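Have a look at the structure that comes next, please.
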Amino acid sequence: QVQLVESGGGLVQPGGSLRLSCAASGILFSYYDMGWYRQAPGKQRELVATVTAVATTNYADSVKGRFTISRDNAKNTVYLQMNSLKLEDTAVYYCNARGASYHWGQGTQVTVSS
């Protein structure tokens, strides 16, 4: 059974930081491209960042220079370090695994508010 379990969300003030984690099980993690997506109320789910199996990264223009995606294959975990958070970063953040199969986590809420 494949599981992607996100953690690290919460409430933070503008300009603050959070680090999201996504622990994967049931897949050969090192062979999968991993990604973070987000969905704000009333909006479509959008790409935030991806890291391929060979550690190539890609970012949405809106988060470049502020967010960093990384992976630890020994821990089957992908991270999203989010700095200089803005009000518009408020959303549910979802972890995604893409490889021989395609999977989503349950999401973690990130709220940026003063």
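The values are calculated or read from the model by the stated rules, or taken from the named source; none is laboratory data. Please read all numbers here as calculations on a predicted model, not as lab measurements. Heads up, the Cβs are rebuilt from the backbone with ideal geometry, glycines too, and the neighbour counts pull from every protein chain shown. Just the protein is used for accessible areas: all its heavy atoms, side chains included, with ligands, DNA and RNA removed. Shrake-Rupley method; radii C 1.70, N 1.55, O 1.52, S 1.80 Å.
Looking only at residues in the range 1-21 that are assigned to a loop (DSSP other than H, G, I, E, B) and over 20 Å from Val63 (Cβ atoms), which one is least open to solvent (accessible area, probe 1.4 Å)?
Residues of the range 1-21 assigned to a loop (DSSP other than H, G, I, E, B): 1-2, 8-9, 13-17.
From the residues that got through so far, the ones that are over 20 Å from Val63 (Cβ atoms) too are 1-2.
Values: Gln1: 190, Val2: 49 Å².
Only one residue tops the list, namely Val2.
Still on this structure, I have one more. Which residues, counting only those in the range 63-78, are in a loop (DSSP other than H, G, I, E, B) and either surrounded by 13 or more Cβ atoms within 10 Å (Cβ to Cβ) or of a type in the set (Val, Ile, Thr) (or both)? Step through it out loud before you land on a result.
Step one: list which residues in the range 63-78 are in a loop (DSSP other than H, G, I, E, B), which gives 63-66, 73-76.
Once the filter is applied, which keeps residues that are in a loop (DSSP other than H, G, I, E, B) and either surrounded by 13 or more Cβ atoms within 10 Å (Cβ to Cβ) or of a type in the set (Val, Ile, Thr) (or both), the range 63-78 yields Val63, Arg66, Asn73, Asn76.
What tally of residues in the range 79-111 results from selecting those that are open to solvent by less than 10 Å² (accessible area, probe 1.4 Å) and under 15 Å from Val63 (Cβ atoms)?
7
Just checking, does the range 22-40 include any residue being in a strand (DSSP E or B), among the β-branched types (Val, Ile, Thr) and either at negative phi or open to solvent by 20 Å² or more (accessible area, probe 1.4 Å) (or both)?
Initial filter on the range 22-40 (in a strand (DSSP E or B)): 22-25, 33-39.
From the residues that got through so far, the ones that are among the β-branched types (Val, Ile, Thr) too are none.
So far as the range 22-40 goes, no, none of its residues is in a strand (DSSP E or B), among the β-branched types (Val, Ile, Thr) and either at negative phi or open to solvent by 20 Å² or more (accessible area, probe 1.4 Å) (or both).
Restricting the search to the range 72-114, which residues are of a type in the set (S, T, N, Q) and under 16 Å from Gly15 (Cα atoms)? Show your work before the answer.
Taking the range 72-114 as the starting set, the residues that turn out to be of a type in the set (S, T, N, Q) are 73, 76-77, 81, 83-84, 90, 96, 101, 106, 108-109, 111, 113-114.
The answer is Gln81, Asn83, Ser84, Thr90, Thr111, Ser113, Ser114.
Let me ask something additional. Given the structure, is Glu46 in contact with a Gly (Cβ under 8 Å, 6 or more places away or on another chain) and either within 25 Å of Leu85 (Cα to Cα) or open to solvent by 40 Å² or more (accessible area, probe 1.4 Å) (or both)? Break it down stepwise before answering.
Details: in contact with a Gly (Cβ under 8 Å, 6 or more places away or on another chain): no; either within 25 Å of Leu85 (Cα to Cα) or open to solvent by 40 Å² or more (accessible area, probe 1.4 Å) (or both): yes.
No.
I've got another one for you. For Val51, indicate whether it is over 20 Å from Trp104 (Cα atoms), surrounded by 14 or more Cβ atoms within 10 Å (Cβ to Cβ), without any contact (Cβ under 8 Å) to a residue 60 or more places away in the chain and not basic (Lys, Arg). Walk me through how you get there before you give the answer.
Details: over 20 Å from Trp104 (Cα atoms): no; surrounded by 14 or more Cβ atoms within 10 Å (Cβ to Cβ): yes; without any contact (Cβ under 8 Å) to a residue 60 or more places away in the chain: yes; not basic (Lys, Arg): yes.
The answer is no for Val51.
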